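Engineer: Pasting in a structure now, in structure tokens, and then I'll have a few things to ask.
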Amino acid sequence: MMCEGSSRVKILSHEQAEIYRKHGWKAADLHVHALCSPDVISARSLHPEALYHQAREMGMDFVTFTDHDTMRAYDLLNGERDGLVTGVEMRIKDLDLVGHTLHINVYDLNREQFLELKAISGQGDLSCFINYVVKNNLPHIYNHPFWFEHKEKPNLAAISNLVRLFPVLEYNMHQIHRKNEITMALAKQHRKGLAASTDSHAGEVGLVYTLSHGDSFREFFKNICEGNSFIVVKDLTKLGIMQEMNRWIELIFSQDILGVPQEYSLGIGYLDKIVNILSGETIKSFPRICRAAYRASYKISNSGLPASLCLRSEGALLPEIEKQFASLFIET
């Protein structure tokens, strides 16, 4: 599904968006992770069933789950659901064409198409991947163009060419404003659609979203491609990181965990170790130690230091990114 978007990005406040929704505009948060992703805690509140109802209560007309390289969320949902759209976030690393890993959301696909795309992504052939989604008319989005896998060296020079391959770029709630601003400028320059998504890993579904017309998801997405849409946005901030960390702490120490404890991977080595220790069964078998760890975790989180370190890490590449894309902001 390739289409040329508007050159004008339209951002609304939540209050303005409500007016449009009352006049028939539809809303969707197109990047949501359930407990089927390895970097999401296996809590009841993050089960696809719970998140589906939460999204609908938040006013999302279309609901999708874009877990990492899996469609298991849809196995956990029984029966037909109003507005439910199949989705998956696929990782592909084309060493020849790009050099770093891309994350691509694909929607409205069936199991056979997913397995075929998974095989293509495993081969690291981006051209073949794009040809497949276009040939099969599958809606797809280039996720967070300026987020990169841990320890990977990004090929910033390739991003402008990559943008040309996709109908829609993502304004991601877990990116700092400047990165999202550059993504918007790229969407404008290349006349691509823009979708705002939470990229939720802890149940924040529907805090930001995209507004568009469409009785069906296909029509909704087509209007995003063509720029007939609005976005309601939020950027990564120190306060937001602290709130999300506190949410993770609540989930880790809650009695809400489902099934056998799993190994969580957030892509940050030292943080992975801490999360897996705190979420393991061993520490929970010692209630006093568990309570002390709970209080200490909150104290550390609310100090703001981890959030500051996270923001510093998020902005580490920003000078290089700004240098690479400086021409986007030169007045003509």
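Each reported figure results from applying straightforward, stated rules to the coordinates on display, with no laboratory input. Since this is a predicted model, take the numbers as computed values, not measurements. In this analysis, Cβ positions are derived from the backbone assuming ideal geometry, glycine residues included, and neighbour counts consider all displayed protein chains.
Engineer: To the nearest 500 deg cm²/dmol, what mean residue ellipticity at 222 nm is calculated for the chain from DSSP H runs of n ≥ 4 alone, each contributing -39,500 (n - 2.57), summed and divided by the residues?
Structural biologist: It lands at -12000 deg cm²/dmol.
Engineer: Above 38 angstrom, tally the Cα pairs of the chain and express them as a % of all pairs, no decimals. Please report the intermediate quantities before stating the final value.
Structural biologist: Numbers: 7134 of 54946 pairs.
Of all Cα-Cα pairs in the chain, 13 percent lie more than 38 Å apart.
Engineer: Further, regarding this structure: Counting Lys and Arg as +1 and Asp and Glu as -1, each charge on the Cβ, what is the dipole of the stretch 11-232 about the Cα centre in debye, to the nearest 20?
Structural biologist: Numbers: 22 positive and 28 negative charges, 110 e Å.
The calculated dipole for the stretch 11-232 is roughly 540 debye.
Engineer: Set the Förster distance to 41 Å, then compute FRET efficiency between Lys118 and Ala316 from the Cβ-Cβ distance, nearest 0.05.
Structural biologist: 0.85
Engineer: Classify the stretch 7-90 from the C-alpha gyration tensor, please: rounded if a/c falls under 1.5, else prolate or oblate depending on whether a/b exceeds b/c.
Structural biologist: Working: a/c = 2.17, a/b = 1.76, b/c = 1.23.
Verdict is prolate for the stretch 7-90.
Engineer: Further, regarding this structure: Among Leu46, Phe148, Phe221, whose Cα lies farthest out toward the positive end of the dipole of the chain, if unit charges sit on the beta carbon of Lys, Arg (+1) and Asp, Glu (-1)?
Structural biologist: It is Phe148.
Engineer: Considering only Tyr298, Tyr107, His177, whose Cα is most displaced toward the positive end of the charge dipole of the chain, charges sitting on Cβ of Lys, Arg (+1) and Asp, Glu (-1)?
Structural biologist: The Cα lying farthest towards the positive end belongs to Tyr298.
Engineer: Ok, one more. Treating only the Cβ atoms of Lys and Arg (+1) and Asp and Glu (-1) as charged, compute the dipole magnitude of the stretch 1-118 about its Cα centre; round to the nearest 20 debye.
Structural biologist: On the way: 13 positive and 19 negative charges, 56 e Å.
In debye, rounded to 20, the stretch 1-118 gives about 260.
Engineer: Here's a follow-up. With a 10 Å Cβ neighbour count serving as the proxy for reagent exposure, in which order, fewest first, do His144, His31 appear?
Structural biologist: Values: His144 22, His31 27.
By the 10 Å Cβ count, ascending: His144, His31.
Engineer: Kindly put Cys128, Cys36 in sequence by how many other C-beta atoms sit within 10 Å of each C-beta, fewest to most.
Structural biologist: Values: Cys128 15, Cys36 22.
Ranking Cys128, Cys36 by Cβ neighbours within 10 Å, fewest first, gives Cys128, Cys36.
Engineer: Something else now. List the relative contact order of the chain as a percent without decimals, with contacts defined as Cα pairs under 8 Å and 6+ residues apart. Mind dumping the intermediate values first?
Structural biologist: On the way: 597 pairs, mean separation 74.1, N = 332.
Worked out over the chain, it gives 22 percent.
Engineer: Sort Ser229, Ser42 so the one with the fewest other Cβ atoms within 10 Å of its own Cβ comes first. Please report the intermediate quantities before stating the final value.
Structural biologist: Details: Ser229 26, Ser42 19.
Exposure proxy ranking, most exposed first: Ser42, Ser229.
Engineer: While we're here: What's the extension gain from Cys128 to Leu328 if we count 0.36 nm per residue and subtract their Cα-Cα distance?
Structural biologist: Working: separation 200, 0.36 × 200 = 72.00 nm, distance 2.94 nm.
Once the chain is fully extended between Cys128 and Leu328, it gains 69.1 nm.
Engineer: Separate question: For the stretch 34-129, which chymotrypsin sites (Phe, Trp or Tyr not before Pro) are both in a DSSP coil and crowded by at most 11 other Cβ atoms within 10 Å? Mind dumping the intermediate values first?
Structural biologist: Numbers: sites: Tyr52, Phe62, Phe65, Tyr74, Tyr107, Phe114, Phe129; in loops: Phe65.
Answer by residue number: there is no such site.
Engineer: Here is a further query. If I model a spin label at Glu226 and Glu149 as a point 7 Å from the Cα along the Cα→Cβ vector, what separation in nanometres do I get?
Structural biologist: Calculated label separation equals 3.7 nm.
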